[in-house]
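Q: First, the structure itself, so that you have it in front of you.
The values are calculated or read from the model by the stated rules, or taken from the named source; none is laboratory data. All values derive from a computational prediction rather than experimental measurement. Note: ideal-geometry Cβ built from the backbone for every residue, glycine included; neighbour counts use all protein chains shown. Each accessible area value is taken on the protein alone, full model and side chains, heavy atoms only, with ligands, DNA and RNA left out. Shrake-Rupley method; radii C 1.70, N 1.55, O 1.52, S 1.80 Å.
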Amino acid sequence: MLLVAITAGLATTVPRSPALPCPSTTTLGPPMKLSRPKPFVPPAYADEAERRARAAALTAAGDPRGRFMTVQLDLALRGPEASAETYDLACEELRLLVRHKARWLAEAGLAGEDGLTWFRGAPERLTLTGQRFLQVGPAVLRSLSPRALDLSAHDEPVIAALAGCPEAARLEELDLRFLSATEAEALAGSPYLGGLRVLEVSFDADGARVLGESTAFARLEELHCASLPFDGVDFALLARAPWFRRLRVLRLDAAVDGAAIVQALASAPHPPQLRSLQLAFNALRTDSIERLAAWPGLATVEDLSLQDSDLVDEDVRVLLASPHLRCLTSLALGPDRLTSETVRTLAGWPGLPGLCSLYLDEGESTRGVSYVPALCATKSFGDFRRLFLRDHLSVAGLDALQAWPPLAGFDTLQLWSGANDPRGDDDSAALAALGRSPYLSSLVSLELVFMQIDAADGLAALLACPSLRKLERLVIRQSGVLDDVTAVIAAWPFASTLETLVIEHGEIGEAGAEAIAASPWLSNLRCLSLAQNEIDAPGAIALAASPHLRKLEVLDVNGNPIGDEGGKALAQAFAKPPVRFLDLRRCDLSTVARDAIVDALPADGPHLSVDSDAGTEQGMSSPMSPRGAGTVSFGSWGYLAYSDSYARRRGAVRCS
């Protein structure tokens with residue numbers, strides 16, 4: 001599968017951006033993905049000066065909300081690339097939330113809940129169950145004024161209450177999932193929802209007719225629908241609605257009759273000027289693609305997704321021949337019945353240089369045939385900087401890749417081998433083949449996932465590649481890594497350029513930890529994650545005593561049985577600057593040892609993540625321990641995903 005994905009938004013607590021997985025949690029990415037950076041333009045917010053003044057007033061009054069608002073305002077103006085400054089702000093944001101979130105929620109009438117996120121210092125998205133909304137909804141909306149409301153778990157009384165709620169007039173985004181005809185009538189008849197800009201909902205044919213006749217959504221810009229259980233005739237009624245022509249984003253996933261809906265969309269008398277059109281998981285016929293390609297409405301579309309829509313190579317050729325794709329910057333296709341011919345078609349498409357995001361899902365690779373040879377048969381494949389492959393990465397495939405001249409232009413390479421469960425094959429020979437490449441001189445980030453590195457010689461051959469000398473980030477996840485493989489990394493002289501080393505879900509044990517601790521080549525590391533590697537207390541003590549890990553800012557050893565002795569040693573060694581984040585969750589710490597570690601945390605110490613007490617709800621924040629001066633989160637709530645250079649925050653370029 002081929003994908004080029006770039007995200008230019010900023011990493012903050014913006015609910016519209018998907019949360020990133022923790023470093024110890026792996027989500028399958030595409031078989032093939034390409035990416036090139038997109039220049040970041042700081043957003044211009046009309047109320048910036050007003051919010052800054054409000055933040056200053058709160059700070060002057062001694063209210064921590066002022067500093068929290070300032071931090072989020074600063075984060076909102078930063079680009080997607082991680083930096084030490086961004087990481088410092090992110091950590092401060094987290095510390096403020098850990099210390100004050102429970103009180104802020106209680107003051108808003110949401111004691112014991114965790115369904116609120118903030119953006120630029122203001123409440124952004126509120127998630128409530130239907131029953132909870134009936135109890136506190138109007139009061140909470142009045143006190144918080146969130147921009148978005150998620151009521152995906154609801155029934156008819158809830159929608160009726162929402163429709164009659166004056167406090168809902170400030171909402172801009174509403175997530176309701178499926179609506180019955182009665183609920184659609186209540187929603188369409190509400191005098192308070194005219195300010196909605198985003199609506200995520202699904203409905204039946206009767207609901208489509210009701211909403212199609214409504215004039216209530218005068219400001220609606222985005223409509224997200226999934227599993228629409230009706231045909232093109234009913235969708236045509238919806239497409240005639242006065243508000244439909246003002247849409248800028250339309251997402252219609254997994255419709256019962258996707259082909260008929262595409263026909264109705266292409267036949268709409270007043271087509272919307274869409275920026276994004278998402279038609280994933282629809283069974284689209286060739287005639288549907290022909291209608292779509294001929295539709296003038298594509299002329300404004302920048303983001304087009306046709307994933308899992310039963311396409312064949314000819315459909316892609318017809319689509320790319322459209323004269324209306326002049327604004328396209330993001331394209332998602334496959335897996336369907338595509339073959340390597342689609343890769344060749346894309347390589348010769350004149351619109352390829354204009355893309356920032358190209359995603360070609362599995363296709364042939366599901367049958368054991370790789371896209372890699374077709375990719376490497378092209379002389380160029382656009383001006384991309386990042387390449388991600390998840391496929392059956394054979395020796396022949398990586399041998400073809402290593403000899404591909406355009407590889408010299410990539411700074412990021414991510415290799416996923418097989419599917420969710422690691423294959424039984426040893427990928428060491430494939431890595432050795434890649435190590436013969438003369439085109440790795442620009443590579444600064446290498447990630448190996450599910451690569452089954454059973455033998456150290458394969459990785460050693462790759463690291464011995466003469467052109468691989470600038471690597472700053474090495475990530476190996478769920479790849480059967482043993483202590484001898486870790487020893488190869490520790491003994492690699494050019495590991496001195498590494499700032500981030502992530503080895504997770506392996507079996508490096510005590511010997512692997514000791515090899516890392518003893519390596520003088522790893523003295524420039526700033527981020528080290530060794531989660532779930534069967535490291536015991538002696539291994540943790542070796543890490544704590546290492547004279548080479550004194551530049552670490554992030555240390556993650558969660559999921560290792562280091563016990564009280566190992567935990568105390570790490571906390572004593574790394575609970576002070578420059579360390580900013582220390583993760584000791586699931587490390588077999590006793591309550592006594594955990595409390596002792598918390599007690600000893602200095603005021604300028606890192607954010608510490610530890611397990612909650614038995615019976616404490618996971619995912620909820622706990623207030624800062626009165627015994628410790630630093631910042632502590634219990635359970636998983638306070639975890640900050642960081643494993644790329646410093647913090648990979650929401651809005652940063654996603655690599656999985």
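Q: Once you list every other residue whose beta carbon is under 9 Å from the beta carbon of I289, what net charge do they have if Lys and Arg are +1 and Asp and Glu are -1?
A: For residues surrounding I289, the net value is -2.
Q: Can you work out ³J(HN,Hα) from phi for every residue in region 106-119, in order, using Karplus 6.51 cos²θ - 1.76 cosθ + 1.60 and θ = phi - 60°, giving whole Hz and x for Gly and Pro?
A: 4, 5, 8, x, 10, 4, x, 10, 9, x, 9, 10, 10, 9
Q: Using only protein heavy atoms and a 1.4 Å probe, report how much of M69 is accessible, in Å² to the nearest 10.
A: For M69, solvent-accessible area is about 20 Å².
Q: Sequence neighbours fewer than 8 away in the same chain don't count; with that in mind, list the aspartates and glutamates whose C-alpha is under 16 Å from K576.
A: D88, E92, E553, D556, D599, D604
Q: What ranking of D556, D564 comes out by heavy-atom accessible area, probe 1.4 Å, highest first?
A: If we order D556, D564 from most to least accessible, we get D564, D556.
Q: What residues qualify as long-range amide H neighbours of L468, i.e. H under 5 Å apart, gap of 5 or more or another chain, H built at 1.01 Å from N?
A: The list, which skips near neighbours in sequence, is empty: none.
Q: Follow-up question, since we're still on this one. Sort region 175-321 into rounded, prolate or oblate with this rule: let a ≥ b ≥ c be the square roots of the eigenvalues of the Cα gyration tensor; rounded if a/c is under 1.5, and if a/c is not under 1.5, prolate when a/b is larger than b/c, oblate otherwise.
A: Prolate, since a/c reaches 1.5 and a/b exceeds b/c.
Q: Solvent-accessible area of F178, probe 1.4 Å, all protein chains present, reported in Å² to the nearest ten, please.
A: Looks like 100 Å² after rounding.
Q: A follow-up question, please. Taking region 73-138, which GluC sites (Glu not before Pro) meet the DSSP loop condition and have no more than 14 other C-beta atoms within 10 Å?
A: Of the GluC sites (Glu not before Pro), the ones in loops of region 73-138 whose Cβ has at most 14 other Cβ atoms within 10 Å are E81.
Q: Greater than 27 Å separation of Cα atoms is the criterion. Which listed pairs, K379/K470; K470/K551; K101/K551, meet it?
A: Table pairs above 27 Å Cα-Cα are K101/K551.
Q: If you add up the charges near L149, with Lys and Arg at +1 and Asp and Glu at -1, over every other residue whose beta carbon is less than 11 angstrom from its beta carbon, what do you get?
A: Cβ neighbours under 11 Å give a net charge of -4.
Q: Expressed as a whole percentage, what fraction of the accessible surface of region 162-256 belongs to carbon and sulfur atoms when a 1.4 Å probe is rolled over the protein heavy atoms?
A: On region 162-256, the fraction of accessible area on carbon and sulfur atoms equals 48 percent.
Q: Taking a 1.4 Å probe, which of V98, V312, V592 shows the most accessible area, and what order do the others take after it?
A: V592, V312, V98
Q: In addition: Can you give me the % of accessible surface on region 518-598 that is carbon or sulfur? Probe 1.4 Å, all protein chains present, nothing else counted.
A: On the way: 1560 of 2810 Å².
Result for region 518-598: 55 percent of the exposed heavy-atom area is carbon or sulfur.
Q: As a test question: what accessible area, to the nearest 10 Å², does W118 have when a 1.4 Å probe is rolled over all protein chains in place?
A: Surface accessible to solvent at W118 totals approximately 20 Å².
Q: In addition: Any chance you could check the Cα centroid distance between region 589-611 and region 510-529 for me, in angstrom?
A: When both Cα centres are located, 23 Å separates them.
Q: Taking a ≥ b ≥ c as the square roots of the eigenvalues of the Cα gyration tensor of region 250-371, is the shape rounded (a/c under 1.5), prolate (a/b larger than b/c) or oblate? Intermediate values should be presented prior to the final figure.
A: Values: a/c = 1.87, a/b = 1.31, b/c = 1.43.
Oblate, since a/c reaches 1.5 and b/c is not below a/b.
Q: Here's something else I'd like to know. Working out 0.36 nm times the residue gap between A491 and V592, then minus their Cα-Cα distance, what length gain in nm do you get to one decimal?
A: Result for the pair: 32.6 nm of gain on full extension.
Q: Taking amide hydrogens as modeled 1.01 Å from N in the peptide plane, which residues meet the under 5 Å criterion relative to F203, leaving out close sequence neighbours?
A: Amide H neighbours of F203: L179.
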